[in-house]
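Undergrad: One structure is given below, represented as structure tokens, and several questions about it will come after.
None of the figures in this text is laboratory data; all of them are computed from the coordinates on show. What you see is a predicted model; the values in this text were computed from it and never measured. Cβ coordinates were reconstructed from backbone atoms using ideal geometry, including for glycine residues, and neighbour counts include every protein chain displayed.
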Amino acid sequence: MCLVRSVILFLFAAAAAGTGLEFRWHIRSPLWEVKTLEDGFIPNVIPVATTVQAQVSLSSPPPVRQRWERLASDRTLYVLDARLVMAMEDLDRDYKLTIEDLHTGAEMYAEIPDPAVFGPMRYRPEFESARRIIDSLAGRPPGYSGIQFRPPVRVRITGMGFFDQEHYVPSDGTAPNNREIHPVLTIKLLPQ
């Protein structure tokens, strides 16, 4: 049933993106409390330096199911430099960024939750600021159809490491181990 519902939502979103239609509601996705720091977890103040390649090379945990506890691998605040390849608004209203390793071209997602509705109040200003940077780079909010950055933009991202559940319809940017930076807390532009 969950697969059927996901396929229907995907088809609806694809049709909406193809026509330019924007719809506004929130789909509460699995692991939501972990993805938005609503589970009460407070990240370390000093982030650990990493790369996209290092994150997509981590061993996958057992299949991620609907759960609310944070995995040990989801307890580290990271900072990484990458190329921003694409930005789009996902069905759950997150900004989904496809980021690419500076040296290997490996890709993964980094996501910024919708600050208008979700996430603890203490992190909403950071979510808003990060989304404003994406809007500024793109010249507008990215919407469901997304925006490709050509050439890609060099950025420094700080956020939580997170293993998402397997995506029903993997797309460009999905890491082979489903690793993401989620939520993104800050984005800074780097010299191009």
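Undergrad: Scan around residue 175 for amide H atoms under 5 Å from its own, H built in the peptide plane at 1.01 Å from N, and keep only partners 5 or more places away or cross-chain.
TA: HN-HN under 5 Å from residue 175: 109.
Undergrad: While we're on this one: Place the peptides 96-109, 38-51, 139-152 in order of packing, highest mean first, counting for every residue the other Cβ atoms within 10 Å and averaging per peptide.
TA: 96-109, 139-152, 38-51
Undergrad: A follow-up question, please. So for the pair residue 192, residue 33, with labels modelled 7 Å out along Cα→Cβ, what separation do we get in nm?
TA: Here the answer is 4.3 nm between the modelled labels.
Undergrad: Could you please report the charge total around residue 112, scoring K, R as +1 and D, E as -1 over all other residues with beta-carbon less than 14 angstrom from its beta-carbon?
TA: -3
Undergrad: Using the basic label-point model (7 angstrom from Cα toward the beta carbon), what is the residue 145 to residue 117 distance in nanometres?
TA: That separation, rounded to one decimal, is 2.2 nm.
Undergrad: Further question on the same structure: Within the stretch 66-102, list the residues whose amide N lies under 14 Å from a label point set 7 Å along Cα→Cβ of residue 166.
TA: 66
Undergrad: Within the set of other residues whose C-beta is less than 13 Å from the C-beta of residue 57, count the net charge using Lys and Arg as +1 and Asp and Glu as -1.
TA: Charge balance in the 13 Å sphere: -1.
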